[in-house]
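The values are calculated or read from the model by the stated rules, or taken from the named source; none is laboratory data. As the structure is a prediction and not an experimental result, all values here were calculated from the model. Virtual Cβ from ideal backbone geometry, glycine too; neighbours counted across all protein chains shown.
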């Protein structure tokens, strides 16, 4: 492990006490088709969105999806560094980070590969909606931090990032909303999964014996244009199951549009009141 | 309350970053955000909102927002202190919270605040490290105290100390035993204990403007204009237990005295806030 002279020294490794408890084999759905938190499979958690949480940022958004908590702030457009080539189109930089205390195990401070991958997915989703041709020679920075991860953190981040961009006054074709669905064996679709319900590679071997569908699909959508701008699929899914899951995600993301719109409207109203 | 002062050049904007603008205010004994010189910003404190952490808190001092999450894990002790647990604070000033900070390794200011918290924990014997020992020379608790700044509007030190203390009071450690027969570690998640804290410090930060004016609880803009800082830490009995003055301009004795008195009053206020939230 790389040591960092700028931080206080920590031991090489430590153990999460929860991991020492004997793991129970849990089924994600009980006989009454209810999930571990009491929801039915086609039941999403409540979402809370608020723009303007970070006073120093150009635009910002706080998103709470069940217990998942995400803060996103946007800076820019600003000049690109001098050594970069001239570009007619603007550039977006996206940095996604889990807070060290946000997951079941303590996370390192240096972004790891999975965080880099998620940054890239979010970047793809945002690039589709931002009118980059309006910002030549400029850089727009998007920073996201997950304070608590209880599943679907990527979807929450994408929605929050797009609203933060809108809050910063960056021109977009449409806002981006996103939703996740966990495929749990044949015919079981768990909407808006929690962290326990998220797909792990070992689920595939232990639960299914190899012939069932298992995976997690996240879709980012431009709701008014009804176009899909990013898809992230993990696990083993048959082609028609994947199509069905994407359709399900799309309609879930579509449902978020009202909440996103309300959030933007109320942030504009509160700014209006402060100025009055 | 908003104050706009007229000058010969016409109306100055509220977020104007020039010295003159600030001096005009100080002449009237008021600051651009409507506060008196020794007035603190309103504070919000919330504990236990992050369920993945063993203890957590959120503090807002004006606009400045800090989230502290404490993760308790088990590790082997340091060879030099085989019977003592480990506490590691870390302050993160990410580019998310202000355009001042750049991505990458922690900036100087983040390192300074981290070191300040570490000094405070060690010099005041804040946590009894012997309590964090499960088995001598084999297994101890390590508390990763991560403080993440979400919104940087000055006075990160006070916000950090308050959120760290509130989060520490919120920590719940599960019962851990070592089974000697099979040498395995047994954890009982249902049986939890809170941390014993030897003291409960509160810090108050002042800054010096133009050598003669002392202002309390500076905002980000005021930090840029002022030179010299003074941080006073008081405990629940109103005693001063730690003081830091990292360089800057010289200070007169009477000013230091005034700051101490103010710090004691503010300390008592925050103590009642702790009690309300955790008690």
Kindly indicate whether any position in region B:223-243 is surrounded by fewer than 18 Cβ atoms within 10 Å (Cβ to Cβ), in a helix (DSSP H, G or I) and in contact (Cβ under 8 Å) with a residue 24 or more places away in the chain.
-> yes
Working carefully through the options A:188, A:226, A:234, A:213, find the one that is over 20 Å from the mean Cα position of the chain (by Cα) and free of Cβ contacts under 8 Å to residues at least 60 places away in the same chain.
-> A:213
Could you look through region A:141-159, keep only residues that are farther than 28 Å from residue B:70 by Cβ and more than 13 Å from every other protein chain (Cβ to nearest Cβ), and pick out the one that is farthest from the chain's Cα centre (by Cα)?
-> A:159
Any idea how many residues of region A:17-36 are within 12 Å of chain B (Cβ to nearest Cβ) and either within 23 Å of the chain's Cα centre (by Cα) or surrounded by 17 or more Cβ atoms within 10 Å (Cβ to Cβ) (or both)?
-> 1
Quickly run through region B:66-96 and pick out the residues that are part of a loop (DSSP other than H, G, I, E, B), closer than 14 Å to residue A:100 by Cα and at the interface with another protein chain (Cβ under 7 Å from one of its Cβ atoms).
-> B:94
Test result for residue A:42, part of a loop (DSSP other than H, G, I, E, B) and within 20 Å of the chain's Cα centre (by Cα) = yes
Those residues of region A:37-60 which are more than 14 Å from chain B (Cβ to nearest Cβ), surrounded by fewer than 14 Cβ atoms within 10 Å (Cβ to Cβ) and closer than 30 Å to residue B:149 by Cβ, in sequence order | A:46
Extreme residue, farthest from the other protein chains (Cβ to nearest Cβ), among residues of region B:102-120 that are surrounded by 20 or more Cβ atoms within 10 Å (Cβ to Cβ) and under 25 Å from residue A:142 (Cα atoms) = B:110
Please work out which residue is nearest to residue A:170 (Cα to Cα), limiting yourself to region A:96-105 and to residues that are facing chain B (nearest Cβ under 9 Å) and crowded, with 20+ Cβ neighbours inside 10 Å.
-> A:97
Scan region B:17-65 residue by residue and report those that are free of Cβ contacts under 8 Å to residues at least 40 places away in the same chain, out of contact with any strand residue (DSSP E or B) (no Cβ under 6 Å at 6 or more places or on another chain) and within 17 Å of residue B:156 (Cα to Cα).
-> B:42
With the condition kept exactly as written, say whether any residue in region A:237-258 is over 23 Å from residue A:185 (Cα atoms), surrounded by fewer than 17 Cβ atoms within 10 Å (Cβ to Cβ) and without any contact (Cβ under 8 Å) to a residue 12 or more places away in the chain.
-> yes
Kindly indicate whether any position in region A:53-67 is part of a loop (DSSP other than H, G, I, E, B) and out of contact with any strand residue (DSSP E or B) (no Cβ under 7 Å at 6 or more places or on another chain).
-> yes
Note on region A:73-95: residues more than 8 Å from chain B (Cβ to nearest Cβ) and part of a strand (DSSP E or B) are A:74, A:76, A:77, A:78, A:79, A:91, A:92, A:93, A:94
Examine region A:61-69 for a residue that is farther than 30 Å from residue B:73 by Cα and either crowded, with 20+ Cβ neighbours inside 10 Å or at the interface with chain B (Cβ under 7 Å from one of its Cβ atoms) (or both), and state whether such a residue exists.
-> yes
Here is a list of conditions, (1) surrounded by fewer than 22 Cβ atoms within 10 Å (Cβ to Cβ); (2) in contact (Cβ under 8 Å) with a residue 40 or more places away in the chain, and residue A:115 meets all of them except one; can you say which number that is?
-> (2)
Grab the strands (runs of 3 or more DSSP E) fully contained in region B:97-197, keeping just those with 3 or more residues being at pLDDT below 90 and in contact with a helix residue (DSSP H, G or I) (Cβ under 8 Å, 6 or more places away or on another chain).
-> B:184-194
Restricting attention to region B:47-65, report how many residues are surrounded by fewer than 23 Cβ atoms within 10 Å (Cβ to Cβ) and more than 12 Å from chain A (Cβ to nearest Cβ).
-> 1
Scan (1) free of Cβ contacts under 8 Å to residues at least 12 places away in the same chain; (2) loosely packed, with under 13 Cβ neighbours inside 10 Å; (3) closer than 30 Å to residue B:144 by Cβ for the single condition residue B:186 breaks and write down its number.
-> (2)
Selection status of residue A:116, within 12 Å of chain B (Cβ to nearest Cβ) and in a helix (DSSP H, G or I) | no
Answer yes or no: is there a residue in region A:155-178 that is over 23 Å from residue A:126 (Cβ atoms) and surrounded by 24 or more Cβ atoms within 10 Å (Cβ to Cβ).
-> no
What number of residues within region B:144-159 are surrounded by 24 or more Cβ atoms within 10 Å (Cβ to Cβ) and within 21 Å of residue B:85 (Cβ to Cβ)?
-> 3
